[in-house]
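As structure tokens, the structure follows; a few thoughts come after it.
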Amino acid sequence: MAPASPQAAASGEPPHGPRARMRKTLLDAAQRLMAQGITPSVAELAEHAQVSRATAYRYFPSQSALIAAVVDESLGPILAWDSSAPDASARVDELLRFAYPRLESHEAPLRAAIMVSLQQHAEASAGKAGAEPRLVRGHRVDILRRAIAPLAADLAPAQLDRVAQALSLVYGTEVFLVLKDIWKLELPELTEVARWTANAIIKQALAEAAPGKE
């Protein structure tokens, strides 16, 4: 069973209480809509789940809050991922092999999050941002920092950040937009490209930090 979401855990609500069950009902309804290519507003979610708008807004006060909750639910065990491997390359490789099947199986809501984020950015750039809170994304920052933690013994903090930033280009749903949509790769090939690139990034960082390098 997946762990309780950060929001549910913070509320102090029992994981199987009435509020938790209603929240799960709403999240399941949202995921069904997203699987159909619909990124619902909170009002649309309420209609689809056959609950009042007041009830839906009580759980998700904005579309951004709804999308963020669906993303957390979709990522599930990825958010709690950790590794006992002492080597950063092995840890990152383990993360990619663990995470990518889950990302693909929940691709619809994760793509919806990208779409909403891009739309909000475009509206803000055009000076048309409304009262809707911005969707905050960034789980990969913490996950990748955990994955490359062993490199702290060899790299300066700025170098460590650079590795995490570079790995951000090969970890996440955005990779699907390039390797699946443009290159038409299936999950095994996509994962292999990501693993190869991640390994090259770490090797290059260690080579640059090696003593005696000119």
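Read-outs: derived from the displayed coordinates by stated rules, not from any lab. Values in this document were obtained by computation on a predicted structure and should not be read as measured data. All Cβ positions, glycine included, derive from the backbone under ideal geometry; neighbour counts span all protein chains shown.
Observations on the structure shown:
- When each of Asp161, Asp72 is scored by the number of other beta-carbon atoms lying within 10 Å, the sequence from fewest to most is Asp161, Asp72.
- Ratio of Rg to Rh for the chain: 1.02 [Cα atoms; Kirkwood radius as inverse mean 1/r over pairs].
- Positive contributions from Lys and Arg (+1) and negative ones from Asp and Glu (-1), summed over other residues with Cβ under 12 Å from the Cβ of Ala149, come out at -1.
- Shape class for segment 90-194, computed from the alpha carbon gyration tensor (a ≥ b ≥ c): oblate, with a/c not under 1.5 and a/b at or below b/c.
- Segment 171-214 and segment 86-118: distance between their alpha carbon centers, rounded to Å: 13
- Order of Thr191, Thr25 - criterion: other Cβ atoms within 10 Å of each residue's Cβ, fewest first: Thr25, Thr191
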